[in-house]
Amino acid sequence: MGFEKFGRKSFTAVTKTAKFVDFLAEGKVEGTVCKDCGARFFPPRADCAKCFSKSMDWFEMPKKGKLETFTTAYYAPFGFEADPPYTMGVVDFGGGLKLFARLAKEIKPDEIKVGMDVIIRPFKYDDNQLSFEIAKG
Amino acid sequence: MKKDVAVIGVGQSSFVRGYEGSIRELAFEAFREAMQDAGITQKDVDASVFCSAPEYDKQRSPAGVLAEYLGLIPQPTFYVESVCSSSSTGVKVGYSMIKSGLHDVVVVLGFQKMSEITSAESQERMGRGADIQWEAPFGTMMPAYYALYAQAYMAKHGLTHDDLMGVRLKSSTYGVINERAVYRKAVKPGDFKQGDPEAKLAGPVAWPLRVGDCCANADGSSCIILADAKKAKSLSKKPVWILGIGAASEAVNMAARPDFTKGLSVGYGAAAEAYRMAGITSKDIKVAEVHDCFTIAEIMAYEGLGFAPAGEGKQLIREKATYKDGKMPVNVDGGLLSKGHPIGATGGSQIRTIVLQLRGEAGPMQVPGGPDIGLVHNIGGVGLYGNVTIFGRG
Ligand SMILES: [Zn+2]
């Protein structure tokens, strides 16, 4: 339990990576790192498919990266109708770590450019759902 | 030329909004046409494979129900799924069943009745063909995913909104003349004019993609009948042979995608495998069907298939090279954009188009010069699954 608190609306209640949401509540965005082979994962995984280890640690994601791509949605799926328009994008931190999230509402559409410097930070919706978002670097 | 497994019959329902019937009746439309095309009866069929995206189906485990309705019991039947490429996967499975010697004649039937749920619900279900744990909580849907590719690609390669419009103008040219297409209205550049309330295709869906850049949901069915060489020669006067099959998969989460400016990795991977198996190159292809669920997807497909170098797909649209009379005709049946995209039926419909082209039976859509080799490129999800199948006239 616990993962239903993730995002605008979660479709997953039970996962071994639910601690991710507790970290968000503490103000941290964390990925997992394999204790046996050192492979790092974001989004977090409970199991390492590289070495078959099930033993994972958490690590804090880098804060600064570059916006690799983005899109602004003017229509939303069922359950998200109140939100559009909203912008989502992919951040590249280098070293094989990337992340997908929404961009902060405060960024004006004409400021958003492929390759711009961005940061990531935890984010709480009005209904206390916990997420993370991309903001200007 | 490899002559192990042939297509001996093809069929397709009209692709429509709101089919007036149940899924078994929808399936019957394509099945009837394919069986009459092959000139066979159910006694000639050894097994059947049904293909759809199950989240649209109210019927659990549809294969048995549809097999009974089509008169295909007591032969073995089962169900396969790879979202939008389900029926290409079905054909790959059917090919394998025949090649292994288990069966001689296999019916592959793709279907989808998308209209039982609303468009927003449908988008949510399609979004769930991506990563439901880590991405769907942000409110993702199919156009947004493809828009991520479009944004990065346009920024790097100088692809413009007019180029994307060019893909839609081409598709509508053929949608107008395809009696089975869901979108048969002519499209003109004015339909994309930004800020004009009369311009119905200009509105943003997931920027940079507009209404006119997105394919339409539809209800439809397709049917492909496969046979081994012996049966193909005895049953069919016009077999079309499967020369190559390639397939690939990719990480679901966008955070694991290597390069958004390069298009879908599964397109490249599946194409390389299919060309290798067929022993040919992209230069040998005379007509192709590619997965244009969005305009950007067709441009990326040109490059994955080797029709254009990386970043240069736009030239084919600017030069009208992919029109019927061009050097590399693509989607001259209207594609997914105009013909429509009933998920589970799409791959089979693309295959039907290529088979008709190779037989010289494509009517007003026929590519001139008697094409002898054709290709089908069918993607599942946001490049989650890629399938490329190459066909040759006997
Ligand atoms: Zn490991």
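The values are calculated or read from the model by the stated rules, or taken from the named source; none is laboratory data. The shown structure was predicted, so the numbers you read here are calculated from the model rather than taken from an experiment. Neighbour counts run over all protein chains shown; Cβ positions are idealised from the backbone, glycine included. Surface accessibility is based on the protein's heavy atoms, side chains included, excluding ligands, DNA and RNA. Shrake-Rupley method; radii C 1.70, N 1.55, O 1.52, S 1.80 Å.
Overview of values
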{"quantity": "Options A:113, A:54, A:50, A:35; residue that is away from the ligand (no atom under 16 Å from the Cβ) and among the basic types (Lys, Arg)", "calculated": "A:113"}
{"quantity": "Scan of segment A:112-137 for residues that are open to solvent by less than 60 Å² (accessible area, probe 1.4 Å) and more than 12 Å from every other protein chain (Cβ to nearest Cβ), ordered by number", "calculated": "A:118, A:119, A:122, A:135"}
{"quantity": "Among (1) open to solvent by 60 Å² or more (accessible area, probe 1.4 Å); (2) over 24 Å from residue B:2 (Cβ atoms), the one test that residue B:63 misses", "calculated": "(1)"}
{"quantity": "Hits in segment B:212-258 (condition: part of a loop (DSSP other than H, G, I, E, B), within 24 Å of the chain's Cα centre (by Cα) and within 30 Å of residue B:300 (Cα to Cα))", "calculated": "B:215, B:216, B:217, B:218, B:250, B:251, B:252, B:253, B:257"}
{"quantity": "Condition met for residue A:9 (away from the ligand (no atom under 15 Å from the Cβ) and within 11 Å of chain B (Cβ to nearest Cβ))", "calculated": "yes"}
{"quantity": "Selection from segment A:61-91 of residues that are in a strand (DSSP E or B) and more than 9 Å from chain B (Cβ to nearest Cβ)", "calculated": "A:64, A:65, A:66, A:67"}
{"quantity": "Residue list for segment A:79-111, restricted to those being touching a helix residue (DSSP H, G or I) at 6+ places or on another chain (Cβ under 9 Å), among the small types (Gly, Ala, Ser) and open to solvent by less than 10 Å² (accessible area, probe 1.4 Å)", "calculated": "A:89, A:101"}
{"quantity": "Check on residue B:96, of a type in the set (Gly, Ala, Ser), assigned to a helix (DSSP H, G or I) and surrounded by fewer than 20 Cβ atoms within 10 Å (Cβ to Cβ)", "calculated": "yes"}
{"quantity": "Residues (among the aromatic types (Phe, Trp, Tyr) and within 20 Å of the chain's Cα centre (by Cα)) located in segment B:99-146", "calculated": "B:111, B:145, B:146"}
{"quantity": "Matching residues, segment A:14-26, being open to solvent by 40 Å² or more (accessible area, probe 1.4 Å) and among the small types (Gly, Ala, Ser)", "calculated": "A:25"}
{"quantity": "Options B:87, B:48; residue that is open to solvent by less than 10 Å² (accessible area, probe 1.4 Å), assigned to a strand (DSSP E or B) and in contact (Cβ under 8 Å) with a residue 40 or more places away in the chain", "calculated": "B:48"}
{"quantity": "Candidate set: segment A:38-60, residues that are of a type in the set (D, E, K, R), within 14 Å of chain B (Cβ to nearest Cβ) and in contact with a strand residue (DSSP E or B) (Cβ under 6 Å, 6 or more places away or on another chain); chosen: the one most open to solvent (accessible area, probe 1.4 Å)", "calculated": "A:40"}
{"quantity": "Check on residue B:277, within 14 Å of another protein chain (Cβ to nearest Cβ), assigned to a helix (DSSP H, G or I) and not charged (D, E, K, R)", "calculated": "no"}
{"quantity": "Leading residue by the ranking (nearest to residue B:297 (Cα to Cα)) among those in segment B:311-329 that are open to solvent by 20 Å² or more (accessible area, probe 1.4 Å) and under 20 Å from the mean Cα position of the chain (by Cα)", "calculated": "B:323"}
